[in-house]
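The values are calculated or read from the model by the stated rules, or taken from the named source; none is laboratory data. The model shown is predicted, which means the values in this text are computed figures rather than measured ones. We place every Cβ from the backbone using ideal geometry, glycine too, and count neighbours over all the protein chains shown.
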Amino acid sequence: MIEKLELHHLKTLAALLHYQNISLAAESLNLSQQAVSAKLKRLRDILGDNLFIREGHGIVPTPYARSILPYVESLISQLNAFPLPACNDISKMERQIVISATDYAQAVILPKLINKLRQVAPQVKVIVCNVEVAALTKKMSQGEIDLAFTTSGYVPDGLISTPLFIERYVCVEADLDKSNPDRLSIEKNLQEAMAVKDLAKRDFVVVNPGTASLTGSAEAWFLQQGLTRHVSVSAPTFYMAQEYIKASDMVGFMPSKLLPLAGLRVIALEKSPPGYQVVAAYHAKVKNDALIHFLLEACLLENS
């Protein structure tokens, strides 16, 4: 029968235990005495105890009623403290948030964002995981991931994305050893912008977070120029891509905000591929979440 106990029953029971008078309890609840008497009858049926005995002008709780007083008070207190979405104060929040991000976003966006969050909401714990591609919608729907930082092309259907900024690609190669006698002549040539047709002859390292593919993001751009490039290596992160480039004669496109990078130098081009949009992605169920709202606003402010 306990499952039939409702919130208004608890409030009535709490008032009766406090005032031990039906009239005063009714007044505190803004109800009639008849309504309180009816609720008391229902409480007796649900709990299987008289709860109160009439004595003089008031009522006296039974031993069982006295024994459940701490539970009733605790439940009422917890319900009164129940947070509402519109009233969430993130400075007082004690929760954790899971952020999925590419290695680029982990390097460019998250350091400053996490620092701001710690200043405003010191009790919020952050878990950062590598970017999720295949099951991002499912994991966000199930609450396993709260927020993702990626590119617009990697946001699956069913999620909301907020554009943050446009990033541009820069072509890089390994920086030459200063002891190399050919360095000066090669660097002189590099001062002149390289034609795209000459760039297409180089071996490329591309980046594909979360997917196994030799097709890079600039593939369509090369095809628009009537060219096909040769991709030698596909890396899961920009960090690994730069390591492969440093150790070889291969080239690759790096996001400008990651530069400069030790061991790499920029190749000036006559034309460059178009930039891409960096976004924050999230599930519709957290659209009005105060913490998510703060993080999005902080990102937009940082990149405005």
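Overview of results
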quantity	calculated
Filtered residue count, the range 34-58, keeping only those that are among the hydrophobic types (A, V, I, L, M, F, W, C) and in contact with a Ser or Thr (Cβ under 8 Å, 6 or more places away or on another chain)	6
Residues located in the range 28-81, provided they are modelled with pLDDT of 90 or more and assigned to a loop (DSSP other than H, G, I, E, B)	N30, L31, S32, G48, D49, N50, L51, T62
In the range 235-266, the residues that are farther than 21 Å from E219 by Cα and either touching a Ser or Thr at 6+ places or on another chain (Cβ under 6 Å) or aromatic (F, W, Y) (or both)	none
Count of residues meeting criterion [touching a helix residue (DSSP H, G or I) at 6+ places or on another chain (Cβ under 8 Å), β-branched (V, I, T) and without any contact (Cβ under 8 Å) to a residue 24 or more places away in the chain] in the range 47-67	0
Pick from the range 36-92, criterion among the hydroxyl-bearing types (S, T, Y) and over 30 Å from K125 (Cα atoms), ranking: nearest to the chain's Cα centre (by Cα)	Y71
Criterion violated by V108 - all others in (1) modelled with pLDDT of 95 or more; (2) out of contact with any helix residue (DSSP H, G or I) (no Cβ under 6 Å at 6 or more places or on another chain) satisfied	(2)
In the range 224-237, the residues that are modelled with pLDDT of 95 or more and closer than 19 Å to A105 by Cβ	A235
Failed item, numbered, when L223 is tested on (1) surrounded by 14 or more Cβ atoms within 10 Å (Cβ to Cβ); (2) in a helix (DSSP H, G or I); (3) of a type outside the set (S, T, Y)	(1)
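Yes/no matrix, rows are residues, columns are (1) of a type in the set (D, E); (2) in contact with an Asp or Glu (Cβ under 9 Å, 6 or more places away or on another chain); (3) at pLDDT 95 or above; (4) not in a helix (DSSP H, G or I):
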{"residue": "K116", "(1), (2), (3), (4)": "no, yes, yes, no"}
{"residue": "V128", "(1), (2), (3), (4)": "no, no, yes, yes"}
{"residue": "A134", "(1), (2), (3), (4)": "no, no, no, yes"}
{"residue": "T137", "(1), (2), (3), (4)": "no, yes, no, no"}
